[in-house]
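In what follows, a single structure is set out as structure tokens and then discussed.
The values are calculated or read from the model by the stated rules, or taken from the named source; none is laboratory data. Note that the structure is predicted; figures quoted are calculated from it, not measured. Positions of Cβ are backbone-derived with ideal geometry, glycine not excepted, and every protein chain shown enters the neighbour counts. Ligands, DNA and RNA are excluded from the accessible area calculation, which covers all protein heavy atoms including side chains. Shrake-Rupley method; radii C 1.70, N 1.55, O 1.52, S 1.80 Å.
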Amino acid sequence: MRNSFFVILILALLICSLGLLSIYSSAYQKEGKLWQSIFERQILWIILGVALFSIISNISYRRFWDLTYLLYVISFLFLLLVFALGTTRLGAQRWLRLGWFNFQPSELSKIVMVIFLARYFSRKAVDDIDLLSGKFGLWSGLILPFFFTAIPVALIIEQPDLGTGIILLILFISMLYLTNVRLRYIFTFLAVMSLPLPFMWHLLRDYQKDRLLVFLNPNIDPLGAGYTVIQSKIAIGSGWLWGKGWLSGTQSQLHFLPESHTDFIFATFSEEWGFLGSLTLLFLYFLLIRQGFLIAQRTQDSFGKLLAYGITLMLAIQVSVNVAMNLGLAPVVGIPLPLMSYGGSSIFVTFIALGILANIDKTRAVF
């Protein structure tokens, strides 16, 4: 366990350090004390995140089995409170003000849904490694868990936060596959879900329609909806092999690239550290994700195995979507890059998830 604990922690801190370099670089030339506040807060988030990681890694992951439904209800209530008390930024109402900290409940929902689905599809006994999904019919194996997933998804999309809602749906489908739910159920579900897609176009907000259109052709609105994607690709491409050097990126330094310290921090990093730097960052993510899959494979308890797979997939999906978004290979959906992007909620939830992973490997050795 100690090996996996330190491997996960070291990899996470290396990624966080690269994120701090990029956050400082993208913000230090801004007027006033704003850059200093952003940089110092991120350091504080990371320190608190490491503390959470240490605490969670020493709490048996099976405690989450007993707390699953309570966590689901708490997450649901937080999502409801967003509509009544949430603060609005850039046209989205996603945050709750908790003193000096802006908490984003949709981030919490991701790890809660992983825990919920892991419990739903597994047995309680540690020595019973069989999954329950093989004994489920269409109702209990697909429709009922989808209902519980659809509730937070609908609330998150309404904020609006389409990106997180889509990630939850991808996680749900992935967990179905991992639990050996009959493939014909999964294909039927995907077919049914795809039928209303053409009609859902009219339900999208105007800016969401614009993002989908500029994904197909960013040049149709180069100074509007397509501006960020164009600037992101310019930043990544201009980094070439070695990059322009730290504090020397033109797109981020001259503020051509919006959200350069949050959703588009990968473009900021790539511009300054180049193709080789980007490969190094992605390799660190690969090692972290690989560690999660290895822990899942070593675990015999069905709940721990599903939980480890779910957490690892959650991280892998977020990294893939964010990098694809920065490269213009996916629509802009506002997904942060785990451990790199500025933001306390994402940092906290990611370190909590990694702490659970470390404890799964620790507890595995006990039985």
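Strands (runs of 3 or more DSSP E) fully within region 69-116 that include at least 3 residues being crowded, with 17+ Cβ neighbours inside 10 Å: 92-98. Residues of region 313-345 that are hydroxyl-bearing (Ser, Thr, Tyr) and either surrounded by 24 or more Cβ atoms within 10 Å (Cβ to Cβ) or under 18 Å from PRO258 (Cβ atoms) (or both): SER341, TYR342. When PHE148 is tested against (1) crowded, with 20+ Cβ neighbours inside 10 Å; (2) within 15 Å of ILE111 (Cα to Cα), just one condition goes unmet, and that condition is (1). Report yes if TRP246 is open to solvent by 40 Å² or more (accessible area, probe 1.4 Å), over 19 Å from MET325 (Cβ atoms) and not in a helix (DSSP H, G or I), otherwise no. When the stated conditions are applied, TRP246 passes them.
Just so you know, in region 266-301 the residues that are free of Cβ contacts under 8 Å to residues at least 60 places away in the same chain and either of a type in the set (Asp, Glu) or in contact with a Ser or Thr (Cβ under 6 Å, 6 or more places away or on another chain) (or both) include one that is most open to solvent (accessible area, probe 1.4 Å), and it is PHE293. Scanning region 8-24 for residues that are among the β-branched types (Val, Ile, Thr), open to solvent by 60 Å² or more (accessible area, probe 1.4 Å) and in contact (Cβ under 8 Å) with a residue 60 or more places away in the chain yields a count of 0.
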